[in-house]
Amino acid sequence: MITSRLCRDFAAALTFLCLANLHVDFCLATGPLPHALPDDAVVVQDEEGTGAEVAAAAEIEFFEKRIRPLLVQQCYECHSAKSDEPGGSLLLDSPAGWLAGGDNGPAVVPGDVEESLLVEAVRYHNENLQMPPVKPLAAEEVAWLERWIAVGAPAPDKVEAQAGDDPSDPVAGKEHWAFKALVPTALPAVQDSHWPLGAIDTYVLAQLEQRGLPHAGDADRRVLARRVYVQLIGIPPTLDELHAFLEDDSPDAYEQLVDRLLTSPRFGERWGRHWLDLARYADSNGLDENFLFREAWRYRNWVIDAVNAGMPYDAFVTMQLAGDLLPYDTIEQRDTQRIAAGFMLVGPKVLLGNKEENQRMEVADEQIDTIGRALLGQTLGCARCHNHKFDPVPTEDYYALAGIMASTKVMERRYMLGEQRVMEQLIGLGETGHEVDEAYEQYWRDRPAVTEQKKQADDALALLKQNDEAAQAKLAEYIEKKSNALAAAASDLAKSLEERTLAQQAHVDQLQQVLAQPPPIPPRAMIPFDVDKPADEHVRIAGAFDQLGEQVPRGFLTVLTDRSTPELPTSTSGRLELAQWLTDAEQRSGQLSARVLANRVWHHLLGRGLVRTVDNFGRTGEMPSHPALLDHLARRLIDSGWSLKSLVREIVLSHTFRMSSEYQSECHAVDPENRWLWRANRRRLDPESFRDAMLSAAQALDVSPMLSTVDYLGDQATAVGSNPVRRRTDFPCRSVYLPVIRNDLPELFEIFDFANPHTTTGMRPNTTVPTQGLFMLNDEVVMDSAKSTAQRLLSSAPTGDRAARIDLMYELILGATPTDVERETLERALAQFEEKFRTEGHEATELEALALVCHALFASSRFQFLE
């Protein structure tokens, strides 16, 4: 569908589509622009490969968390290499086994659910083929198998370890590169001693020289300004900011600019969002019952404020894992620390029909998986059902951590949708917060009884007004039972009927007022606390919550523990000790955390991590391209007192960050993926920066911090059936404050690869698909921004000088100046559009023509990508 507001007919739509591809082919008339990449480097689909990589990793994770445990628990006894005589000669403990099948043929046909005998067996439709033989699988488990086969039955290359090889051995695992201690190394020698501005450039240059690759020169100052603004604060520079930088010829102009951006409150909004991706932040629960997380915004804003304040990373982590356990001097400090610990609660949870003990272990699993990926770059959740198949994490280590998490209370029973339900735990804020919150919940606990009391009180009032023999007999029953349906005066037979009736009417009115005016929701937050009696957990056999194995003392990962096994206090969960261990710079645990964070910072600033699998530093992840540089960054992070801003500053001041993205065919032939950093990586704006940049060009962006943007929603953010009140996206605020409703993301987020809020996301997908083009053609925000930008152009250059308007348009939207060819082509286009709209009888022909071209520039890759 093509919108009628801007594309009035097919010819106009075709022209718009041509304009929207300015970067590759300018109106199909002038040839490629000087800024364009050559054909073999143009982004067509998934330039970085991250879309496919993320999808593949997600499917392998699904196999590890759902399919393998199911096969182990239900099938391995009779269908594995360890079986004495595999049933039907079928092995289900390896891809080769299930593909070859047994006596009846292949058990799994990748991509074909109906032809897969495994599915036929578990469905129990065939009387002669029903597995498992004792009891059928749950419908959910059958659905898992169907989904897995439908997407091609993906599984790791090696499902079972080779004989004598135990990848989960934490002693041998200490030799893996990520688990080794940081060791100081001397800077490598380089031939060109003038180019490096510091250690970063020296490490990069050494690799380039080793391969005979020249580095690109510095980017144009306009390009660099847009790059550093977007990467540090998420918004391109305003015209005044851009011109101030271009006109500043002092030697440290760029350094001063970086320092200003690091102190901007916008920095926390940009880099806080990176952390929220890892924290699986959302404003609703998602999954089976998508209840609203009405108070999640407090945690979101705490993250932004902490990043802006330059909170050291070790303190940042400690507050989120154990803020409720930290000492405090004031109630305000206590509440701030507690809000930070909302990190423990914001994950999705299965609520409907979930047994309490199973839910407790599922919540612990989700927390362990999040902490493992976000802080250590490890897939710890794979060890829930069995020793990790690839990394040195035995099941005992998993349940050592599970004891810590399961000793933490994050759920409570409270009133929701007419009944008491197990929901995320909310605790009152302020000095009297507990009492106010308890009174609020008591009101809702009492409301059903008050509703019944009101109904009976209405009946009693009607009986008093009726005042016949039958009514008097019924009232006598109320009086005899001393029912609270009657007011005290209404039960007094010594009073007149009129007095009794008036008293009962007042009683009814009072009950009606209680029901009609519930107390307001008190200030409260999603906060954990330790259970009364923290306890060690048992290993769950095959991950089943009710199949207990041996008990494991609470503790940490053996492979990263340099000292003797820690003895955690018996009175607390151990979360505080865990947080301190995770950021202990003297142990390899803290050093791995530093490596992971340093790599994430590099990924966000350079467009690709030194370890490209940013969430997986295990054996199935990639090796670092520049291991010495990664360790240097990790050590610098620790030595700076865990300062994120200090690390960001060092990277963006390097020549490596400042390089041009100019294509060089001879370098591309040697290093097509730019793994050795011979130029800057082009990268697409994330959806938040994309939206904010449009609103900024249109002067419609409100940079004021926001509180809740979901307070107008009901208790269920989305529900089965009609949802007349949905999350809004029409706020003029920064995009970091927009509602993140699981299962109902804003369309812009959904289409342009926003983080999956159900899980930790360190590297978002990066796809280029047709729906993005359709979105750009039809979205109201895009069209309104284009029109507002056009109105700004008319106000700033009202003389009818098309060339001046085009120059200003380029600066407002692209931060660039057009070439002569571009300017001439757009002048002709504007003239044609104005004439077309004039002949059609439009009044605001200049405005509509300018809006159409602004729309095209917003849709161009020049706008959507950082050079």
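The values are calculated or read from the model by the stated rules, or taken from the named source; none is laboratory data. On a predicted model such as this, the values are computed, not experimentally measured, just so you know. Counting neighbours? That spans all protein chains shown, and the Cβs are built from the backbone with ideal geometry, glycine included. Surface areas here come from the heavy atoms of the whole protein model, side chains and all, with no ligands, DNA or RNA. Shrake-Rupley method; radii C 1.70, N 1.55, O 1.52, S 1.80 Å.
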Say R0 is 25 Å: what FRET efficiency, to the nearest 0.05, do Thr570 and Glu357 get from their beta-carbon distance?
0.70
Using a simple spin-label model with points 7 Å from Cα along the Cα→Cβ vector, what separation in nm is obtained for Ala488 and Tyr443?
2.5 nm
How high is the relative contact order of the range 331-476, in percent, with contacts defined as C-alpha pairs under 8 Å that are six or more residues apart?
15 percent
Semi-axes in Å, largest first, for the range 658-704 (Cα gyration tensor, √(5λ)) are 34, 9, 8
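Please compute the contact order of the chain in relative form: average sequence separation of alpha-carbon pairs under 8 Å and at least six residues apart, divided by the residue count, as a percent. Before the final figure, lay out each step's value.
On the way: 1371 pairs, mean separation 156.9, N = 867.
That works out to 18 percent.
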How far is it, in nm, from the label point at Leu417 to the one at Phe529 when both lie 7 Å from their Cα along the line to the Cβ?
2.8 nm
Centroid-to-centroid separation of the range 702-722 and the range 215-274 [C-alpha atoms, Å]
33 Å
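If you stretched the chain out fully between Glu127 and Glu750, how much longer would it get, using 0.36 nm times the residue separation minus the C-alpha to C-alpha distance? Don't jump to the answer; show the numbers that get you there.
Values: separation 623, 0.36 × 623 = 224.28 nm, distance 4.41 nm.
Full extension of this stretch gives 219.9 nm more.
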May I ask which residue of Leu847, Gly217, Met763 lies farthest towards the positive end of the charge dipole of the chain, with charges of +1 (Lys, Arg) and -1 (Asp, Glu) on Cβ and the Cα centre as origin?
Leu847
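Could you tell me what percent of the accessible area of the chain is made up of carbon and sulfur, with a 1.4 Å probe and every protein chain present? Could you put the intermediate results ahead of the total?
Values: 19580 of 37240 Å².
Looking at the chain in its full context, I get 53 percent from C and S.
To two decimal places, what compactness ratio does the range 541-613 give when its Cα radius of gyration is scaled by 2.2 N^0.38 Å?
On the way: Rg = 16.6 Å, N = 73, 2.2 N^0.38 = 11.2 Å.
Relative to the rule-of-thumb radius for its length, the range 541-613 sits at 1.48.
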Just to be sure I understand the model, the point goes 7 Å from the Cα along the line to the Cβ. What's the resulting Ala544 to Ala831 distance in nm?
8.0 nm
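Find the Rg to Rh ratio for the range 514-670, where Rh is the Kirkwood radius over alpha-carbon pairs and Rg uses the same atoms. Intermediate values should be presented prior to the final figure.
Working: Rg = 22.7 Å, Rh = 19.9 Å.
Rg/Rh: 1.14.
Report Rg/Rh for the chain, rounded to two decimals, where Rg is the Cα radius of gyration and Rh the Kirkwood radius. Don't skip to the end; give the middle numbers.
Working: Rg = 31.8 Å, Rh = 30.9 Å.
With Rg and the Kirkwood Rh in hand, the quotient comes to 1.03.
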Kindly work out what percent of the DSSP beta bridges joining two residues of the chain are antiparallel, to the nearest 5.
95 percent
Which of the lysines could a cross-linker bridge to Lys533, judged by Cα under 23 Å and excluding same-chain residues fewer than eight apart?
Lys355, Lys409
Dimensions in Å of the range 439-516 - Rg and Dmax from alpha carbons
12.9, 43
Name the aspartates and glutamates eligible as straight-distance cross-link partners of Lys465: C-alpha to C-alpha under 17 Å, and not fewer than 8 places from it in the same chain.
Glu477, Asp492, Glu498, Glu499, Asp509
Please report Rg over Rh for the range 379-418, where both radii come from the alpha carbon positions and Rh follows the Kirkwood definition.
1.26
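Computed FRET efficiency, Cβ-Cβ of Trp177 and Arg726, R0 45 Å: what is it to the nearest 0.05? Write out the running numbers ahead of the final one.
Working: r = 47 Å, r/R0 = 1.05.
It comes to 0.40.
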Once R0 is set to 35 Å, what does the formula 1/(1 + (r/R0)^6) return for the Cβ-Cβ distance between Thr432 and Glu469, expressed as a FRET efficiency to the nearest 0.05?
0.10
For the range 632-742, the percent of all C-alpha pairs falling in each 10 Å bin, from 0 up to the bin holding the max distance, is 11, 22, 25, 24, 14, 4
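In the range 384-488, what is the volume of the convex hull around the alpha carbon atoms, normalised per residue and reported in Å³? It would help to have the intermediate numbers written out before the result.
Details: hull volume 20.6 nm³, N = 105.
Roughly 196 Å³ of hull volume per residue.
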